[in-house]
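Here's the structure we're looking at; comments come further down.
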Amino acid sequence: VGVPRLPRISNFTDLEVLARQPGVRVAYVPLDADLQGVDAVVLPGTKNTVDDLLVLREAGFDEELASFDGPIVGVCGGYQLLGERITNAAIESTEEEGTVQGFGLLPVETSFQQEKRVRQTTVEIEGSGPIDGATGTATGYEIHMGQSVPLAAVEQPLGDQSAASGSVLGTYLHGL
């Protein structure tokens, strides 16, 4: 599982449980690395989504990700990166104001807000996308500064704070 080494990474402990699975290796990859040899990509949380998005784009990671053929999962800020756009960027960014285009892999728009959402969450799993066939419940926590809403019909396998399209999944749920 390839994980881009974001300059402002946060909540990287989300990947520890994955790394403990037999046969799974989690590798933090440079932002300009190609993804050949990687079976899946996880975009982790970030303390500054917009500025990390700009760094990823400058390194060409957005193009590499767009051509990647395996499952892609974004958690929290990683989910926000996967969407069509981010509005109110100045709330979090040191460089950008207004609207910033995301990677466009999920039909969602994130609007940053001053109030941080922090809560324990339990959701019913309706497996689709990279977690197709999964069922049951998932418990974790949310801690984020934005609200993401679908711009088109989209599967929401981990409740209304998630989106899945094809092999791409985004969620605000940490600690899975």
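The values are calculated or read from the model by the stated rules, or taken from the named source; none is laboratory data. Values in this document were obtained by computation on a predicted structure and should not be read as measured data. All Cβ positions, even for glycine, are placed from backbone atoms using ideal geometry, and neighbour counts span all protein chains on display. Note: accessible area is taken over every heavy atom of the protein model, side chains too, but ligands, DNA and RNA are not part of it. Shrake-Rupley method; radii C 1.70, N 1.55, O 1.52, S 1.80 Å.
Here GLY37 meets the list (1) open to solvent by 10 Å² or more (accessible area, probe 1.4 Å); (2) not in a loop (DSSP other than H, G, I, E, B) almost entirely, failing just condition (2). For VAL118, the conditions (1) within 23 Å of ILE9 (Cβ to Cβ); (2) surrounded by 12 or more Cβ atoms within 10 Å (Cβ to Cβ); (3) not basic (Lys, Arg) all hold with the exception of (2). Among the residues of region 154-161, at least one is closer than 25 Å to ALA66 by Cα and surrounded by fewer than 15 Cβ atoms within 10 Å (Cβ to Cβ). Suppose the filter is farther than 28 Å from PRO150 by Cα, open to solvent by less than 80 Å² (accessible area, probe 1.4 Å) and of a type in the set (Phe, Trp, Tyr); does TYR28 pass it? It is true that TYR28 is farther than 28 Å from PRO150 by Cα, open to solvent by less than 80 Å² (accessible area, probe 1.4 Å) and of a type in the set (Phe, Trp, Tyr). Surrounded by fewer than 15 Cβ atoms within 10 Å (Cβ to Cβ) and more than 21 Å from LEU173 (Cβ to Cβ) - does that describe any residue in region 6-17? Yes, region 6-17 contains a residue that is surrounded by fewer than 15 Cβ atoms within 10 Å (Cβ to Cβ) and more than 21 Å from LEU173 (Cβ to Cβ).
Can you tell me which of VAL55, VAL24 is in contact with a helix residue (DSSP H, G or I) (Cβ under 7 Å, 6 or more places away or on another chain) and of a type outside the set (Asp, Glu)? Reasoning before the result, please.
Numbers: VAL55 fails: in contact with a helix residue (DSSP H, G or I) (Cβ under 7 Å, 6 or more places away or on another chain).
The unique qualifying residue is VAL24.
Pairs meeting the criteria (first residue in region 145-166 and over 15 Å from VAL75 (Cβ atoms), second residue assigned to a loop (DSSP other than H, G, I, E, B) and open to solvent by 60 Å² or more (accessible area, probe 1.4 Å), beta carbons under 7 Å, at least 6 apart or on different chains) are LEU151/GLU84. Kindly indicate whether any position in region 43-50 is part of a helix (DSSP H, G or I) and not charged (D, E, K, R). Yes. The single residue among GLY23, GLY2, GLY37 that is farther than 17 Å from LEU173 by Cα and under 15 Å from the mean Cα position of the chain (by Cα) turns out to be GLY2.
Take the residues of region 55-102 that are of a type in the set (S, T, N, Q) and open to solvent by less than 30 Å² (accessible area, probe 1.4 Å): which is nearest to SER128 (Cα to Cα)? Quick ask: steps written out before the conclusion?
Within region 55-102, the subset of a type in the set (S, T, N, Q) is 67, 80, 87-88, 93-94, 99, 101.
After this cut, where a residue has to be open to solvent by less than 30 Å² (accessible area, probe 1.4 Å) as well, the list is 80, 87, 93.
Details: GLN80: 19, THR87: 27, SER93: 32 Å.
Within region 55-102, the match that is nearest to SER128 (Cα to Cα) is GLN80.
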